[in-house]
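What follows draws every value from the coordinates through simple rules; no lab data is involved. What you see is a predicted model, and the numbers here were worked out from it, not measured in a lab. Counting neighbours? That spans all protein chains shown, and the Cβs are built from the backbone with ideal geometry, glycine included.
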Amino acid sequence: MPNLKDLKNRIASVKSTRKITKAMQMVAAAKLRRAQDAAEQSRPYTERFNAVMGALAASVGDSDSAPKLLSGTGKDDVHLLIVMTSERGLCGGFNANIAKLAKAKATELLGKGKTLKILTVGKKGRDAIKRDFGDYFVGHVDLSEVKRIGYADAQGIAKDVLGRFDAGEFDVATIFYSKFVNVVSQIPTEQQIIPAAFDTPEGDSAEATTLYDYEPDEEAILADLLPRGVATQIFSALLENGASEQGARMSAMDNATRNAGEMIEKLTIQYNRSRQAVITNELIEIISGAEAL
Amino acid sequence: MAETMQFDLVSPERSLMSAQVKSVQIPGADGDMTAMPNHAPLITTLRPGVLKVETDKGVEEFVVTGGFAELGEGLSVLAERAVPKADVDQAAYEAMVDEAHSAYKQTKETFKNEPGPVDDAAKLLADMVAVGTHIGLSTKQPSL
C-alpha cells in the first residue's frame, strides 16, 4: 500500500492535470466557434462555385480541347495524396483517423502497382505516416505559424500542387481531410481534386439547361476557373479540418477532464482509508501499551 | 419603382453582400458592363476593379481583385478578394499593388520567352494600378 505522502502528491498532480485539460477544453470550445463560423462563411462561395463549374464542365464536356485539369492526363499511373492534418496533438483520434484512411488508400494504390507521391499538410499527419510511407514524401506544408487560415494559405498549397501537375509529376490528386459534422463526429474523407470532379446538380434539370453567354469564351473561363477550383476545394477542406480538429480536441479534453475527476475521487477515498488505518494502528498501539502497564 | 434582382457578393472567406439591387456595374475581363434585371444569362471573369452596386438606398462600392460573375436569375459575383471601398486605405491598396507587382516579376522570370503569361500579369498589374486612380489613392510603385 502506498504511503500517505505519495498519495497526497499523486492527488495534487492529477488535480493540476485536470486544470490543464479543463483549460484546453475551454480554449478549444472558443476556437471551435470561430472555426465553425469561418467554415460557414465560406460555404456560399464553394456552393456557387461548384454549381457554376458543374454547368461549365457539362457544356464543355468531353471535347478533346477540354483542359487537362478537367479531363485528366489520360492516365492514372501516378497518384498524389495530399494528407491534411493538424499541427498539434491532444485531439483524440483526429489525426490518427485521417492517417489511417490515407494509409489504406496508399496500400491499395501500391497493390495496384501505381506510383505514389505524398504531400503532407500539418505536422501530426506527417509523423503518423512517415514510418510506413516516408519514402514517398514529396513535400510538406507547414501551417504552424498560421493563426487563422486564410484563402491565401490555400492558394499557396494550390499553387504548389498545380506547379507539380504542370510539370507532369502526377496524374491524379486526392485530398484527405476530416469533414466536420458536429462536436462528437468528424468523418475522415477523401476527395479527388485533379482531375476535377464536380457534383452535378441532380434532378435540377432546369438549371442545367440554362444557356449562358460566356465572356471571354468558355475555354478561357474554364482555364481561369479550374486552378481557382483547386484552391477553393483545398480552402474548404482546410476550414473543415480546422473545425474538426477543435471539435475533436474539445471532446477529447472533456473526456480527459472527467477521467481526471474520477481518478481524484478514487485516490481521495484511498487516501482517507489509509489515513484512517494509520490512526487506528496508532490507537491500538497506545491502548495495548497502556494495558501492558 | 424600378425592378430589382437578387445580388450576392461572396469571397472565399465570407459573404459580403446579399440584397435586392437595381443594377450592378461589373469590371469584366473584356470590359466593364452593367448588369440589370432580366439580363441574358452570362458568365464572365473579372479583372481588378471597382464593383458598383446600385440599390434603392443608394450606391455601394467594392474593390475586387479578380474572380468571376454569374448572371442568371440573379447576379452572383464570386470574387477572389473583395473589400468595401471605404475600407481600402493607402496601406491596404499598396499591399495589393505590391502583390501584383511581385507576381508580375515572378512571371517574367519563369516565362522568359513566352509573351502570353507575362502580358497577362502585366495587365493585372496595370489594372491594379488603375484601381487606385478610381478610388483616389496613388501608388509609389513605378508603373511597370
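Structure notes:
- Cross-link pairs exceeding 19 Å between alpha carbons, from the set A:Lys31/A:Lys103; A:Lys15/A:Lys124; B:Lys85/B:Lys123; A:Lys159/B:Lys108; A:Lys31/A:Lys159; A:Lys130/A:Lys159: A:Lys31/A:Lys103; A:Lys15/A:Lys124; B:Lys85/B:Lys123; A:Lys31/A:Lys159; A:Lys130/A:Lys159.
- The stretch A:22-252, dipole about Cα centre (Lys/Arg Cβ +1, Asp/Glu Cβ -1), debye to the nearest 20: 1760
- Counting only alpha carbon atoms, the long axis of helix A:4-60 and the longest principal axis of chain A meet at about 10°.
- FRET E, pair A:Ala197, A:Ala104, Förster distance 25 Å, beta-carbon r, rounded to 0.05: 0.80
- Distance cut-off 19 Å, percentage of C-alpha pairs in the stretch A:77-170 lying past it: 42
- Partner aspartates and glutamates for A:Lys114 [C-alpha distance under 20 Å; skip if fewer than 8 residues away on the same chain]: A:Asp76, A:Asp77, A:Asp132, A:Asp135, A:Asp166, A:Glu169, A:Asp171, A:Glu190
- Selection from A:Ala220, A:Thr21, A:Asn182, by position along the positive dipole direction of chain A (Cβ): A:Thr21
- For residues of A:148-161, the mean tally of beta carbons on other chains within 10 Å: 1
- Considering all different alpha carbon pairs of the stretch B:5-85, the Kirkwood hydrodynamic radius works out to 12.1 Å.
- Using a cutoff of 8 angstrom between alpha carbon atoms and counting only pairs six or more residues apart, the relative contact order for chain A works out to 32 percent.
- Helix A:94-111 vs. chain A, principal-axis angle (Cα, 0 to 90°, nearest 10): 50
- Rel. contact order, % - alpha carbon contacts under 8 angstrom, at least six apart, the stretch B:5-85: 32
- Listed by Cβ neighbour count within 10 Å, with the fewest neighbours leading, B:Thr34, A:Thr257 appear as B:Thr34, A:Thr257.
- Charged side chains reduced to their Cβ positions (Lys and Arg at +1, Asp and Glu at -1) give the protein assembly as shown a dipole of some 2960 debye around its Cα centre.
- Set of lysines with alpha-carbon distance to B:Lys22 below 17 Å, sequence-local pairs under 8 removed: B:Lys52, B:Lys57
- Taking the C-alpha atoms of chain A, convex hull volume expressed per residue in Å³: 171
- Highest-fluctuation residue, A:Thr189, A:Thr280, A:Thr232 considered, GNM on chain A with Cα pairs under 10 Å: A:Thr280
- C-alpha long axis of helix A:218-292 to longest principal axis of chain A, angle in °: 10
- Peptide B:10-19 shows a mean partner chain C-beta count of 6 within 10 Å per residue C-beta.
- Peptide B:67-78 has a mean of 4 when you count, residue by residue, the C-beta atoms of other protein chains within 10 Å of its C-beta.
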